[in-house]
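Nothing in this text is a laboratory measurement; each read-out follows from the coordinates by a stated rule. Everything numeric in this text was worked out from a predicted model, so none of it was measured. Virtual Cβ from ideal backbone geometry, glycine too; neighbours counted across all protein chains shown.
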Amino acid sequence: MHSEFFTSRWGLILSTLGIAVGTGNIWRFSRVVAQNGGGSFLIPWVIFLLIWSVPLIISEFALGKFTRKAPIGAFKKTAGDKFAWMGAFVAFVSTAIMFYYSVVTGWCLKYLLSSLSGTLLNTSNHLQYWNEFSSGFYPVYFHFLAMMIGAIVIYKGVVKGIEKVSRILVSMLVVILLILFVRAITLPNAIVGIKYFFTPKLEYLINYKVWLNALTQNAWDTGAGWGLILTYATYMKQKEDIALNASLIGFGNNSISLLAGIIIFSTVFALSSNDALQQISQSGPANTGLTFIVLPQLFSKMSDSLIVNLTFSSLFFLALSFAALTSLISMIELAVKTLIDFGMNRKTATIIISFLGFIFGIPSALNINFLINQDWVWGVGLILSGAFISFAVNKYGTDKFRKEIINSSENDIYVGRWYFWFMKYLVPVLAILLLSWWLVSSTSWDEQWWNPFHRENLGTSLFQWLIVIFIFLMINKKLVKKISI
Amino acid sequence: MSLSEIIVGILVAGIVWGGFIYFIIKAIKLEKKKSDNHGKENITINQ
């Protein structure tokens, strides 16, 4: 058993919300809304929150609280010894994402510092500024800084580290976003952006790609199916509820996305002299265009006062850095907790993971194409992770899981039979559908779709997944033997 | 704003923000109830 638990419901909720709220809520969400017809996208996005994210978050909370182990141990206890490799895959996907997410967090920290110093707003060519930064050695320094901050928090433990830092950062993030929200919606012409954001268009609503993009957004940015919520749930007290906390995380995460979306649409439509919609929807290198190129340009035009512009630009990058850091912390914790489950102590595990995290993140820091490849392979791999989690619940017995684990005596909300239908049929079908769509689509944008050494295609995904799955299948017996449950 | 924008706005923001606020209020009430019960238990034990 653990010696540490989150001290209260609010400590647990803020820490878990810190996992879910990341850079994807702020920069990816707005871009995807713009590309998929504004209000037309929001309708399926809300539906998939209810039928994909919330059931999976409930499952992760329950798996963590019941097993008190990171994914490998959790799969061993629920799906059985033969399937521990699936837990290892879930843990590996989130760890592989951690390697390059630390680089992304470093970018946010760099832009925060540039904004605070005034350098960012004094720059005339923001594309050149980004290119000079990202093509040099600086991303490695900031990747190191991000990894160091995350490692210090994890080293301090659950209560003094994760809970304390998440309480401060997540609360401040919400306050900053509310300040930016008030400023953004009071800008002249902001209403044009808000109107587009909520305008439904029938031709988009009947397009299946809009629905699949809405599902993808929920799969990637709520943290459902990553194994991260499962890991934090291992530190929840026995008396803590599952269903209410899970619902709070799902709805809280999407509330923050909505807030960030309105901020970005209002700001870009109010301040952009060019095509605002194109500015939001353009991807740029590694999907960074909106955040690191367009928004700094617009912040410099926000008012005639440099101080005001600096303040709002700095607040935006502060919010982005907080969102990135709290998610990075949870990814490091998952890897550390996995080693703890194998008998290592927290401090040694933190040193090992942060060192490996730094080393394996360097290729992504130095080469953006490598980062894009990893983001593609493991981003899509997360859908497979979600499918594995639903498999574990179904292998244990979906209704048995609901009755004995979710609806235990400590639960504040009773989870009905709908959970059985969702986890048994709907989530696996959606996962297969989504996975197939992404992989088949990737064959259309690369003639050599089978080539495993290309940046984004079917071949590179399957090649890397199969290597990892093959290794974990080979060492499955050892994993099972060494982990105690 | 047109009627369709208002409907989508109210529907989406209502479900997402409304749901979040509803669950926060529910959690606050439950926490208060639990702490009240805990207080009563202590009084009973002390008596």
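Just a few scattered comments:
- Cβ-derived FRET efficiency at R0 25 Å, A:Thr186 paired with B:Leu3, nearest 0.05: 0.50
- Rounded if a/c under 1.5, otherwise prolate or oblate - region A:140-219, Cα gyration tensor axes: prolate
- Neighbour-count ranking [beta-carbon atoms within 10 angstrom, fewest first] of A:Leu56, A:Leu430: A:Leu430, A:Leu56
- Exposure proxy order (Cβ contacts within 10 Å, fewest to most) of A:Ser484, A:Ser15: A:Ser484, A:Ser15
- Of A:Lys403/B:Lys26; A:Lys69/B:Lys29; A:Lys424/B:Lys29; A:Lys400/A:Lys482; A:Lys69/B:Lys32, those spanning more than 24 Å from alpha-carbon to alpha-carbon: A:Lys69/B:Lys29; A:Lys424/B:Lys29; A:Lys400/A:Lys482; A:Lys69/B:Lys32
- Using R0 = 35 Å, the C-beta based FRET efficiency linking B:Lys32 and A:Met474 works out to 0.10.
- Ratio of Rg to Rh over region A:1-65 (Cα coordinates, Kirkwood Rh, two decimals): 1.10
- Inverse mean reciprocal Cα-Cα distance (Kirkwood Rh) of region A:125-183, Å: 14.1 Å
- Neighbour net charge for A:Gly223 - beta-carbon separation under 13 angstrom, K R +1, D E -1: -3
- Loop sites in region A:390-423: chymotrypsin sites (Phe, Trp or Tyr not before Pro), DSSP, at most 11 other Cβ within 10 Å: A:Tyr414
- Spin-label model, A:Ser135 to A:Ile432: label points 7 Å out along the Cα-to-beta-carbon direction sit 4.7 nm apart.
- Residues of type lysines that A:Lys160 reaches as a straight line, Cα spacing below 20 Å, ignoring anything fewer than 8 places off in the same chain: A:Lys237, A:Lys337, A:Lys347
- Per residue, the convex hull spanned by the Cα atoms of the protein assembly as shown measures out at 156 cubic angstrom.
- Using the Cα coordinates of region A:294-446, the gyration tensor eigenvalues translate into equivalent-ellipsoid semi-axes of 37, 24, 22 Å, sorted from longest to shortest.
- The listed peptides A:61-68, A:136-143, A:17-24, ordered by packing as a protection proxy, come out as A:17-24, A:61-68, A:136-143 (highest mean of other Cβ atoms within 10 Å first).
- Helix A:243-271 vs. chain A, principal-axis angle (Cα, 0 to 90°, nearest 10): 20 degrees
- The residues A:Thr234, A:Thr105, A:Thr267, when put in order of fewest to most other Cβ atoms within 10 Å, stand as A:Thr234, A:Thr267, A:Thr105.
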